[in-house]
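J.: Have a look at this one.
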Amino acid sequence: MKQEMMKMEIRTLRYFLETAREENMSRAAERLHVSQSTLSKQLKGLEEELGKKLFLRHSFSIELTEEGMLLRKRAEDLLSMADKISEEFSAMDDVIGGNIYFGCAESWQIRYLAGAIREFKKQYPDFHYHITSGDTEQVVEKLDKGLLDFAVIVEEPDYEKFHALKMPEADRWGLVMPAGCPLAAKERIVFEDLKGLPLFCSGQGWRCDIPRWCGDRINELKLEGSFRLAYNGSVFAREGLGYLLTFDHLVDVSEGSGLVFRPLYPALETEMFIIWKKRQIFTPIAGRFIEELRKLPAVGR
């Protein structure tokens with residue numbers, strides 16, 4: 001009985017998410033291969049169970065209430081977890097195939113992970129991988145929730161919670177700016193160059209990395225805006241809205257791109273780590289991938 005209730009709850013959440021994505025009851029019902037009356041009944045039952053109105057219904061569309069938006073965020077994580085659990089149990093007897101989920105912060109050192117996956121794929125052609133991109137905070141949160149098997153992060157890991165392998169190199173910080181601006185003529189950027197400039201940076205970099213470079217003097221700098229992805233910041237920099245503090249190699253600064261990269265001085269570098277949870281029970285294929293990771297020219301912990 002409990003198992004049947006669990007199936008019903010998961011199914012209802014899938015109905016809710018599809019309706020939220022489509023913003024239209026009839027289209028959602030068509031995609032779910034159920035009648036519109038069945039879908040409407042399930043969603044009303046969900047609202048009654050939660051005691052909250054989840055949708056505002058209009059003539060030809062629906063929109064989420066604040067409670068509906070909160071449920072959408074939670075439901076996406078819950079269903080991802082349910083799907084991952086099903087995959088893991090299906091893969092327990094499969095030693096040559098299966099799925100592995102990675103969360104990756106931005107860095108040119110992702111190429112080391114890509115190389116490990118390439119070599120592993122040669123040995124296990126039925127192995128499949130899924131990559132989620134985000135900053136360290138985002139991918140660690142998903143790893144903690146069990147939505148990911150491994151995370152690639154650009155800050156020192158919590159060694160009480162995670163096993164970690166350090167990448168063999170470090171990422172170098174610098175400033176991305178329009179090729180025609182006066183600072184582009186310099187070979188390197190010092191603190192005084194940044195004073196008074198509208199700066200873009202990731203939230204994590206501004207909190208954790210830039211203070212390692214300039215200490216309390218960060219209060220003398222102006223953060224114009226923050227970006228989780230360096231590419232988006234580079235678009236704003238190209239349009240002359242500000243200057244982007246970021247890692248080398250993340251943004252196209254080749255001739256004709258309209259942008260240049262100049263390193264900070266004194267040099268500022270950030271190390272990168274591949275981490276996974278301690279005491280985690282892995283599927284056979286994920287366990288074997290750890291051995292592939294240990295072949296990297298990295299320092300294990």
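J.: At what distance in angstrom do the alpha carbon centres of the range 166-206 and the range 244-265 lie from each other?
T.: When both Cα centres are located, 8 Å separates them.
J.: In the set (i) 60; (ii) 53; (iii) 63, which value of percent of Cα pairs over 24 Å apart was calculated from the structure you see?
T.: It is the value labelled (iii).
J.: So which trypsin sites (Lys or Arg not before Pro) in the range 256-288 end up in coil per DSSP with only 13 or fewer other C-beta atoms within 10 Å?
T.: On the way: sites: Lys277, Lys278, Arg279, Arg288; in loops: Lys278, Arg279.
Answer in residue order: Lys278, Arg279.
J.: Calculate, for Leu70 and Arg111, the FRET efficiency according to 1/(1 + (r/R0)^6) with r their C-beta to C-beta distance and R0 41 Å; round to the nearest 0.05.
T.: Details: r = 38 Å, r/R0 = 0.93.
Plugging the Cβ-Cβ distance into 1/(1 + (r/R0)^6) gives 0.60.
J.: Still on this model: Over the chain, what is the percentage of antiparallel beta bridges among all DSSP beta bridges, to the nearest 5? Don't skip to the end; give the middle numbers.
T.: Details: 25 of 43 bridges.
Of the beta bridges lying entirely in the chain, close to 60 percent run antiparallel.
J.: Could you tell me which of rounded, prolate or oblate describes the range 151-234, using a ≥ b ≥ c as the square roots of the eigenvalues of the alpha-carbon gyration tensor, with rounded for a/c under 1.5 and, failing that, prolate when a/b is larger than b/c and oblate otherwise? Walk me through the numbers on the way to the answer.
T.: Values: a/c = 2.08, a/b = 1.81, b/c = 1.15.
Prolate, because a/c is 1.5 or more and a/b exceeds b/c.
J.: Might you tell me the accessible area per residue for the range 131-276, computed with a 1.4 Å probe and given in Å²? Each step should come with its number before you reach the end.
T.: On the way: 6840 Å² over 146 residues.
Accessible area per residue, the range 131-276: 47 Å².
J.: List every residue whose amide H lies under 5 Å from the amide H of Asn24, counting only residues 5 or more places away in sequence or on a different chain, with H placed 1.01 Å from N in the peptide plane.
T.: Ile62
J.: Still on this model: Within 10 Å, at most 16 other Cβ atoms, and a DSSP state outside H, G, I, E, B define an exposed site. Report the longest part of the chain free of exposed GluC sites (Glu not before Pro).
T.: Values: sites that count: Glu23, Glu160, Glu187, Glu239, Glu255.
Counting at most 16 other Cβ atoms within 10 Å as exposed, the longest clean stretch of the chain is 24-159.
J.: Taking the Cβ-Cβ separation of Leu50 and Arg14 as r and a Förster radius of 25 Å, what is the calculated FRET efficiency to the nearest 0.05?
T.: On the way: r = 16 Å, r/R0 = 0.64.
Result of the calculation: an efficiency of 0.95.
J.: Using alpha-carbon pairs under 8 Å, 6+ residues apart, how would you state the relative contact order of the chain in percent?
T.: Dividing the mean separation by the residue count of the chain yields 21 percent.
J.: Over the range 216-301, what percent of the accessible surface lies on carbon and sulfur atoms, probe 1.4 Å?
T.: On the way: 2300 of 4790 Å².
Carbon and sulfur atoms account for 48 percent of the accessible area of the range 216-301.
J.: At 7 Å along the Cα-to-beta-carbon direction for both Ile218 and Asp252, put a label point, then send me their distance in nm to one decimal.
T.: Rounded to a tenth, the inter-label distance reads 3.1 nm.
The values are calculated or read from the model by the stated rules, or taken from the named source; none is laboratory data. What you are looking at is a predicted structure, and each value in this text was computed from that prediction instead of being measured. Neighbour counts are summed over all protein chains in view; Cβ atoms, including those assigned to glycine, are modelled from backbone coordinates with ideal geometry. Protein only, heavy atoms only, side chains kept; ligands, DNA and RNA dropped before computing areas. Shrake-Rupley method; radii C 1.70, N 1.55, O 1.52, S 1.80 Å.
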